[in-house]
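A short write-up of the structure that comes next.
The values are calculated or read from the model by the stated rules, or taken from the named source; none is laboratory data. As the structure is a prediction and not an experimental result, all values here were calculated from the model. Every residue, glycine among them, receives a Cβ derived from its backbone with ideal geometry; neighbour counts consider all protein chains shown.
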Amino acid sequence: METVATSPLPVPRRAGLPILGNTLAFLYNPLKALRSLRQEYERIVHLQIGGRNQYLVFNPEDAKHILQENHRNYGRSPAFEVLRIFLGNGLLTSDGDFWRRQRRLAQPAFHRQKLAALAETMISETADWIDELQQLPPHKPINMSQAFMDVTMRIVCKTLFGSDTAGKLTGLSQALDTLNYMANRRLLSPIRVPMHWKTPSNNRFRQAGQLVDMFIYEVINARRKNPLTENEQRSDLLGMLLSAEDEETGERMSDKQLRDECVTLFSAGHETTAVSMAWTIYLLTQHPDILLRLQTEVQSVLGDSRVPPSDVFRALPYTLQVIQESLRLYPPAWIMSRLAHQNDHIGPYIIPAGSTALVSPYILHRNPASWSDPERFNPDRFAPGGEKDQAHAYAYVPFGGGPRLCIGNQFALMEMQILLAMLVRKFRFSQVSSQVINPKPLITLRPNRPIYAQFT
Ligand code: HEM
């Protein structure tokens, strides 16, 4: 039985007021708090945030231990309880055997070959979006944060439900967005009104939930009655999930499971990608030399053709490097939390059972022990044989790691490559104001003010 660590666990010297712990420093400026803790503590630090004991690790090897090697000791942290009200019991919020089965069923839909079918949808939605941008008055500053939210929402709805969204896309995406927004707001709010109270925002949540459920269940019913051909099934995610069969048991997903996975994929897949695209545009406006090199690659590969080739990964390597480097500096999922089931050892220290372990991609990605000049935007780090290849595998974890690695990582990279290539193919752009934009860590790592760009 282990009750004490062989070494005392480092606790910040300025531990704050006894009850508030480090909550204030974190509420005030979480990224600054994390960065100064990394400078002060080499390996791990014990924090009290919001009355909970939390243990943040700094080394890639320890991140690997928590996310991969000893992952069975860790479950979803209490934060996911809040998300469950909105997302149901899908891949993001579930745990244990149920999660394992769902992951087994959903994984094949995200295989590279299957994603190639979705690339067509991404390309045509992006082309429509670019046509709309071209209709705007020239030189009018465009709020890129909002523009990317719109297009990623359309892409995720279309890749999920295919042609069944015809005529319903706006209503559906607004309702899904309301669910997503309310989940985020509730997660960040210290005061949570019970969901059964008839407040205006609870009513809005109920209405949005009813609309989403009605749409999804109607589509599922129609497709169960008139099954699509194999080809049609392959052209959207819902079709792939509907036909997914557990290899061990032969079971398929129930209607409720399908509904929960669809809402989860929408929620996990839309804001993360949009935020990351906005950061990428911001970084490019700050680095005209890199933007020029990117445009040269896109121009030489696409020439006069309107759309990128279906194998964008291989055809546009520098475009991918730009995106990977943007995800290093501004990882949308800036912190990951896990609930420790049993005591765990991190070198001489113990993470006690019942406490929360924290891994921060933002901190790992800016660690000078892993990255030279870590604050600099340099896509060459991701060139073959570059710095990324030399670094520890867990020094770069924008999509997490271990068995709970983001299921949509290839989907997101492909979507971002398509969006970026088609955008720089059509437009020259520059930043509208010289104001420095800083990251604001909400559920995702958002820019602290909208990113505007001017297109010509
Ligand atoms: C730039 C875009 C994205 C980023 C940075 C990102 C990041 C992440 C991270 C870090 C995790 C792991 C969380 C943890 O371990 O606690 C995760 C999980 C997940 N992501 Fe993503 N994601 C992105 C895009 C997407 C897309 C496009 C989809 C779906 C279409 C998606 C679906 C999911 C799902 C379902 C999970 C839960 C997986 C599981 O636990 O089995 N993500 N994502």
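Tabulated data
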quantity	calculated
Residue identified as away from the ligand (no atom under 14 Å from the Cβ), modelled with pLDDT of 85 or more and in contact with a Lys or Arg (Cβ under 8 Å, 6 or more places away or on another chain) among Gly250, Gly239	Gly239
Ile418 vs. criteria surrounded by 19 or more Cβ atoms within 10 Å (Cβ to Cβ), touching a residue at least 40 places away in the same chain (Cβ under 8 Å) and closer than 25 Å to His65 by Cβ	no
Number of the exception - Ser77 against (1) within 13 Å of the ligand (Cβ to nearest atom); (2) farther than 30 Å from Arg38 by Cβ; (3) hydroxyl-bearing (Ser, Thr, Tyr)	(2)
The stretch 142-168, residues that are surrounded by 15 or more Cβ atoms within 10 Å (Cβ to Cβ) and more than 23 Å from the chain's Cα centre (by Cα)	Ile142, Asp164, Thr165, Lys168
Unmet requirement for Asp213, which otherwise passes all of (1) farther than 24 Å from Thr121 by Cα; (2) in contact with a Lys or Arg (Cβ under 7 Å, 6 or more places away or on another chain)	(1)
Filter pass, Gly171 being on the phi > 0 side of the Ramachandran plot and surrounded by 11 or more Cβ atoms within 10 Å (Cβ to Cβ)	no
Subset of the stretch 44-80 [more than 22 Å from Ala106 (Cβ to Cβ) and out of contact with any strand residue (DSSP E or B) (no Cβ under 9 Å at 6 or more places or on another chain)]	Gly50, Gly51, Pro60, Glu61, Lys64, Glu69
The one condition in (1) within 15 Å of the ligand (Cβ to nearest atom); (2) closer than 23 Å to Ala33 by Cα that Leu320 fails to fulfil	(2)
When residues of the stretch 49-65 are limited to those that are under 18 Å from Pro348 (Cα atoms) and touching a Phe, Trp or Tyr at 6+ places or on another chain (Cβ under 6 Å), the one nearest to the ligand (Cβ to nearest atom)	Ala63
Condition check for Ala333: in contact with a helix residue (DSSP H, G or I) (Cβ under 6 Å, 6 or more places away or on another chain) and within 15 Å of the ligand (Cβ to nearest atom)	no
Residue match in the stretch 303-310 (condition: without any contact (Cβ under 8 Å) to a residue 40 or more places away in the chain and not small (Gly, Ala, Ser))	yes
Residues that are within 12 Å of Met240 (Cα to Cα), assigned to a helix (DSSP H, G or I) and under 20 Å from the mean Cα position of the chain (by Cα), drawn from the stretch 83-111	Ala106, Gln107, Pro108, Ala109, Phe110
One residue from Leu265, Leu291, Leu283 being within 16 Å of the ligand (Cβ to nearest atom) and farther than 22 Å from Ile155 by Cα	Leu283
Residue count for the stretch 400-415, restricted to those that are near the ligand (Cβ under 7 Å from one of its atoms) and either touching a His at 6+ places or on another chain (Cβ under 6 Å) or in contact (Cβ under 8 Å) with a residue 24 or more places away in the chain (or both)	8
Arg293 without any contact (Cβ under 8 Å) to a residue 60 or more places away in the chain, under 27 Å from Gln435 (Cβ atoms), basic (Lys, Arg) and not in a loop (DSSP other than H, G, I, E, B)	yes
The stretch 416-441 - residue that is out of contact with any strand residue (DSSP E or B) (no Cβ under 7 Å at 6 or more places or on another chain) and within 14 Å of the ligand (Cβ to nearest atom) and, of those, farthest from Leu292 (Cα to Cα)	Pro441
Residue that is buried (at least 21 other Cβ atoms within 10 Å of the Cβ) and under 19 Å from Gly90 (Cβ atoms), where the choices are Asp213, Asp177, Asp236	Asp236
Residue within the stretch 282-294 that is of a type in the set (A, V, I, L, M, F, W, C) and under 20 Å from Leu118 (Cα atoms) present	no
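Okay, residues lined up against (1) surrounded by 13 or more Cβ atoms within 10 Å (Cβ to Cβ); (2) touching a Cys at 6+ places or on another chain (Cβ under 9 Å); (3) modelled with pLDDT of 85 or more; (4) not hydroxyl-bearing (Ser, Thr, Tyr):
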position: Ser7; (1), (2), (3), (4): no, no, no, no
position: Val11; (1), (2), (3), (4): yes, no, no, yes
position: Arg14; (1), (2), (3), (4): no, no, no, yes
position: Leu20; (1), (2), (3), (4): yes, no, no, yes
position: Asn29; (1), (2), (3), (4): yes, no, no, yes
position: Lys32; (1), (2), (3), (4): no, no, yes, yes
position: Gln39; (1), (2), (3), (4): no, no, yes, yes
position: Asn53; (1), (2), (3), (4): yes, no, yes, yes
position: Asp62; (1), (2), (3), (4): yes, no, yes, yes
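Yes/no per residue for (1) touching a helix residue (DSSP H, G or I) at 6+ places or on another chain (Cβ under 6 Å); (2) part of a helix (DSSP H, G or I); (3) touching a residue at least 40 places away in the same chain (Cβ under 8 Å):
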site	(1), (2), (3)
Gln113	no, yes, no
Asp131	no, yes, no
Pro138	no, no, yes
Phe148	yes, yes, yes
